[in-house]
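*Asks:* A single structure is presented below for examination.
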Amino acid sequence: MYHYGIIGYPLLHSFSAKYFNEKFEREHIDAEYSLYPLKKPVSDKTEKKEEWPELQQLLDTLDGMNVTFPYKQTIIPYLECLDETAEVIGAVNVVHKHVGYNTDCLGFMQSLKPLLRGYDKQALVLGTGGASKAVCYGLRKLGIEPVLVSRTPSKGMLGYTDLNANIMASHTVIVNCTPLGMLPDVDTCPAIPYELVSERHLLFDCVYNPKETLFLRKGKAQGASIRNGMEMLTGQAQAAWEIWKR
């Protein structure tokens, strides 16, 4: 039997577990997919494999691994190498034989591309974690220039209070890469000025559960087009399986 799984913390729910276990049953694949809610130990030392023995054991024993919040960047020092895409993005969501890959960008691009309009040239990317890195990479591949938005902006980023009428009007694609709005915290959303969202905007939420987050509902109420993260997740999972089959 093959063994696959996902690491993250906390893992309150998982699309991947349901997706892959149903796939294994449907296609009569002798495999199982499990959740591994690992909590990374706090250490002031340089990150070494022996400082996280639970992760090292999974890397040594699982036939394939998914990585989710908050470890898409943290896991990199524990891997032997990254493929070219993960290296450029600087974040990993798939591991196979101690090599890190990023399939988030592919899933995102496949989901977003059919929705784009000719005037979509600039995007606001909310959040600065591993998901935002894949999204920025995908946007550039699609010819859209992203700008990161953070609660604590550094050079080259915007803060939420910087989002004035001109910026909102020129950045017609807005992507939520934060966990805000995800179950169980469904009453939260990024603090953008929703009153400046219009029918010219496209709001994309990397969150998939619930299907329509508060971020998307607020955009929809302003006439914007919306898309949740389900197609992105399905696309990245399909790409992950192709890697694991190698």
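The values are calculated or read from the model by the stated rules, or taken from the named source; none is laboratory data. Everything numeric in this text was worked out from a predicted model, so none of it was measured. Please note: Cβ atoms are built from the backbone with ideal geometry, for glycine as well, and neighbour counts cover all protein chains shown.
*Asks:* Do we find that PHE15 is surrounded by 13 or more Cβ atoms within 10 Å (Cβ to Cβ), more than 18 Å from CYS206 (Cα to Cα) and either touching a Phe, Trp or Tyr at 6+ places or on another chain (Cβ under 9 Å) or acidic (Asp, Glu) (or both) in this structure? Step through it out loud before you land on a result.
*Replies:* Details: surrounded by 13 or more Cβ atoms within 10 Å (Cβ to Cβ): yes; more than 18 Å from CYS206 (Cα to Cα): no; either touching a Phe, Trp or Tyr at 6+ places or on another chain (Cβ under 9 Å) or acidic (Asp, Glu) (or both): yes.
Here the answer is no, as PHE15 does not meet what is asked.
*Asks:* Might you let me know whether the stretch 181-194 holds any residue that is among the small types (Gly, Ala, Ser) and over 23 Å from GLY118 (Cα atoms)?
*Replies:* First, the residues of the stretch 181-194 that are among the small types (Gly, Ala, Ser): 181, 191.
Retained after the next criterion (residues that are over 23 Å from GLY118 (Cα atoms)): 181, 191.
Within the stretch 181-194, one or more residues are among the small types (Gly, Ala, Ser) and over 23 Å from GLY118 (Cα atoms).
*Asks:* Then there is this: When you scan the stretch 98-116, do you find a residue that is more than 25 Å from GLU84 (Cβ to Cβ), surrounded by fewer than 21 Cβ atoms within 10 Å (Cβ to Cβ) and among the basic types (Lys, Arg), even just one?
*Replies:* no
*Asks:* Which one of these is part of a helix (DSSP H, G or I) and surrounded by fewer than 20 Cβ atoms within 10 Å (Cβ to Cβ): LYS211, LYS218?
*Replies:* On the way: LYS211 fails: part of a helix (DSSP H, G or I).
After ruling out the rest, the residue left standing is LYS218.
*Asks:* Here is a further query. If GLU231 passes every condition in (1) surrounded by 16 or more Cβ atoms within 10 Å (Cβ to Cβ); (2) in contact with a helix residue (DSSP H, G or I) (Cβ under 9 Å, 6 or more places away or on another chain); (3) of a type outside the set (Lys, Arg); (4) in a loop (DSSP other than H, G, I, E, B) but one, which one does it miss?
*Replies:* (4)
Conditions tested, residue by residue: (1) within 19 Å of LYS245 (Cα to Cα); (2) out of contact with any helix residue (DSSP H, G or I) (no Cβ under 8 Å at 6 or more places or on another chain).
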site: LEU82; (1), (2): yes, no
site: VAL88; (1), (2): no, no
site: HIS96; (1), (2): yes, no
site: TYR101; (1), (2): yes, no
site: GLN110; (1), (2): no, no
site: LEU116; (1), (2): no, yes
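*Asks:* Same structure, new question: Specify the residue that is nearest to the chain's Cα centre (by Cα); the eligible residues are those in the stretch 110-132 that are in a loop (DSSP other than H, G, I, E, B) and touching a residue at least 12 places away in the same chain (Cβ under 8 Å). Steps first, answer last, please.
*Replies:* Keep residues of the stretch 110-132 that are in a loop (DSSP other than H, G, I, E, B), which gives 116-121, 127-129.
Next cut, touching a residue at least 12 places away in the same chain (Cβ under 8 Å) only: 116-117, 119-121, 127-129.
On the way: LEU116: 19, ARG117: 23, TYR119: 25, ASP120: 21, LYS121: 21, GLY127: 11, THR128: 11, GLY129: 8 Å.
Restricting to residues being in a loop (DSSP other than H, G, I, E, B) and touching a residue at least 12 places away in the same chain (Cβ under 8 Å), the top hit is GLY129.
*Asks:* For residues in the stretch 180-192 being at pLDDT 95 or above and over 17 Å from GLY127 (Cβ atoms), which is surrounded by the most Cβ atoms within 10 Å (Cβ to Cβ)?
*Replies:* In this case the residue turns out to be VAL186.
*Asks:* Filter the stretch 133-143 for residues that are surrounded by fewer than 20 Cβ atoms within 10 Å (Cβ to Cβ) and in contact (Cβ under 8 Å) with a residue 24 or more places away in the chain and give the result. If you could, list the steps in order and put the result at the bottom.
*Replies:* Our first condition is that a residue be surrounded by fewer than 20 Cβ atoms within 10 Å (Cβ to Cβ); within the stretch 133-143, this holds for 140-143.
Selection gives LYS141, LEU142.
*Asks:* Quick test for you: out of ILE7, ILE29, pick the one residue that is touching a helix residue (DSSP H, G or I) at 6+ places or on another chain (Cβ under 9 Å), crowded, with 16+ Cβ neighbours inside 10 Å and not assigned by TED's automatic domain parsing to the domain that holds PRO184. Step through it out loud before you land on a result.
*Replies:* Values: ILE29 fails: crowded, with 16+ Cβ neighbours inside 10 Å.
Exactly one of ILE7, ILE29 is touching a helix residue (DSSP H, G or I) at 6+ places or on another chain (Cβ under 9 Å), crowded, with 16+ Cβ neighbours inside 10 Å and not assigned by TED's automatic domain parsing to the domain that holds PRO184, namely ILE7.
*Asks:* Can you find, within the stretch 153-179, the residue that is surrounded by the fewest Cβ atoms within 10 Å (Cβ to Cβ) among those that are touching a strand residue (DSSP E or B) at 6+ places or on another chain (Cβ under 8 Å) and in a loop (DSSP other than H, G, I, E, B)?
*Replies:* GLY156
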